[in-house]
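Everything below concerns the one structure shown next.
The values are calculated or read from the model by the stated rules, or taken from the named source; none is laboratory data. Owing to the predicted nature of the structure, the values given are computational and were not obtained by experimental measurement. No Cβ is skipped: glycine too gets one built from the backbone with ideal geometry, and neighbour counts run over all protein chains shown. Ligands, DNA and RNA are excluded from the accessible area calculation, which covers all protein heavy atoms including side chains. Shrake-Rupley method; radii C 1.70, N 1.55, O 1.52, S 1.80 Å.
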Amino acid sequence: MPEKLAVVSGGATGIGAAVAEGLAEDGYDVIVVGRRAEPLARTAERIGERLGRPGSVEAVPADLTDPAQLGRVTEAVGGRAVDVVVNNAGGYLSGDPSTLDGVAAQWRANLDSNVLTAVLLTEALRPALRRPGGRVVLLSSIAAQRGGGGPYSAAKAALHGWAYDLAQELGPEQITVNVVSPGYVAGTEFFGDRMTPEGHQRRVDATLVGRAGEPADIAAAVRYLASPAAGYVTGQVLGVNGGSVLGR
């Protein structure tokens, strides 16, 4: 059997690092992509050493909003088939909404960070996706389904519509496309210094299971969608949110 290869964006920390580690545990070689070279390299080295597979996780620094930098990823892939693409890059980007220029800048920044990164990475790797059997996974957010994040909510919701189109395009080639939509996940850099103890507890109380999510919870969902067991699952949004938003 050929070696399995996964590409994970936003792979330096948090959910992306957990996804990369989980896929490496499942036997994939993994390319982690992100803007910050040092934490990316540390994560790649840590995972390889922990699993006793040095070099199995490769760090590729690149800003995925810049089309000119996508060549770094395709060069790292080389001539290999890509089994899984996990589009995890993104986040909430604040701005100054007091002027129309500020509103436009914040919306463009959020759309670039959360949507354009996924579109450009997927399109760059589309010719290399394994046929049959490739997987594309997009990381959305509970905010796409219930609002609350302004331009971030809108950007994540845009991924859902694009995933439906992409699933229809790639389905005949036996490539699946799905979305994982996390709820509140502690232990990430998403909130920066904005999270308070009260905010944490409020989010925990909104779940049905009485706890915050962990990066490993989201990684487990991605690992399922990447697996042969999910070969009949495509065009779906999988909520992983402790029941804080019910399926719809």
Per-region count, the stretch 164-199, residues touching a residue at least 60 places away in the same chain (Cβ under 8 Å) and either open to solvent by 70 Å² or more (accessible area, probe 1.4 Å) or farther than 17 Å from Ala230 by Cα (or both): 10
Inter-residue pairs, beta-carbon under 9 Å, first in a strand (DSSP E or B) and in the stretch 70-96, second open to solvent by 70 Å² or more (accessible area, probe 1.4 Å), 6+ apart: Val84/Lys4
Matching entry among Leu121, Leu125, Leu129 (being over 13 Å from the mean Cα position of the chain (by Cα), closer than 20 Å to Ala20 by Cβ, in contact (Cβ under 8 Å) with a residue 60 or more places away in the chain and buried (at least 17 other Cβ atoms within 10 Å of the Cβ)): Leu125
Verdict on Val33 being in contact (Cβ under 8 Å) with a residue 60 or more places away in the chain, out of contact with any Pro (no Cβ under 7 Å at 6 or more places or on another chain) and outside any helix (DSSP H, G or I): yes
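Would you point out the residue of the stretch 132-163, among those that are surrounded by fewer than 16 Cβ atoms within 10 Å (Cβ to Cβ) and in contact (Cβ under 8 Å) with a residue 24 or more places away in the chain, that is farthest from Gly242 (Cα to Cα)?
Looking at residues that are surrounded by fewer than 16 Cβ atoms within 10 Å (Cβ to Cβ) and in contact (Cβ under 8 Å) with a residue 24 or more places away in the chain, I get Pro132.
Residue-wise test of (1) of a type outside the set (A, V, I, L, M); (2) farther than 20 Å from Arg223 by Cα; (3) surrounded by fewer than 19 Cβ atoms within 10 Å (Cβ to Cβ); (4) touching a helix residue (DSSP H, G or I) at 6+ places or on another chain (Cβ under 6 Å).
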site	(1), (2), (3), (4)
Gly10	yes, no, no, yes
Ala18	no, no, no, yes
Gly22	yes, no, no, yes
Val32	no, no, no, yes
Glu38	yes, yes, yes, no
Test for Arg202: is it closer than 22 Å to Leu23 by Cα, open to solvent by 60 Å² or more (accessible area, probe 1.4 Å) and either in contact (Cβ under 8 Å) with a residue 60 or more places away in the chain or assigned to a helix (DSSP H, G or I) (or both): no
Residue in the stretch 219-230 that is more than 14 Å from Val84 (Cα to Cα) and open to solvent by less than 40 Å² (accessible area, probe 1.4 Å) present: no
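How about the stretch 114-154: which of its residues are of a type in the set (Phe, Trp, Tyr) and either outside any helix (DSSP H, G or I) or in contact with a His (Cβ under 6 Å, 6 or more places away or on another chain) (or both)?
none
Residue-by-condition table, conditions (1) over 16 Å from the mean Cα position of the chain (by Cα); (2) more than 25 Å from Glu123 (Cβ to Cβ):
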site: Val19; (1), (2): no, no
site: Tyr28; (1), (2): yes, no
site: Glu49; (1), (2): yes, yes
site: Gly52; (1), (2): yes, yes
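Quick one: which of Arg53, Arg46 is of a type outside the set (Phe, Trp, Tyr), in a loop (DSSP other than H, G, I, E, B) and over 26 Å from Ala155 (Cα atoms)? Don't jump to the end; show me each part of the working.
Values: Arg46 fails: in a loop (DSSP other than H, G, I, E, B).
From the options Arg53, Arg46, the qualifying one is Arg53.
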Checking Thr188 against (1) over 16 Å from the mean Cα position of the chain (by Cα); (2) in a loop (DSSP other than H, G, I, E, B); (3) within 19 Å of Gly91 (Cβ to Cβ); (4) not acidic (Asp, Glu), the condition it does not meet: (1)
Boolean, Leu225 is of a type in the set (A, V, I, L, M) and part of a loop (DSSP other than H, G, I, E, B): no
Index of the failed condition, Pro172 passing every other in (1) more than 16 Å from Ser140 (Cα to Cα); (2) of a type outside the set (A, V, I, L, M, F, W, C); (3) part of a loop (DSSP other than H, G, I, E, B): (3)
Qualifying residue in the stretch 40-47 (condition: hydroxyl-bearing (Ser, Thr, Tyr), in contact with a helix residue (DSSP H, G or I) (Cβ under 6 Å, 6 or more places away or on another chain) and surrounded by fewer than 18 Cβ atoms within 10 Å (Cβ to Cβ)): no
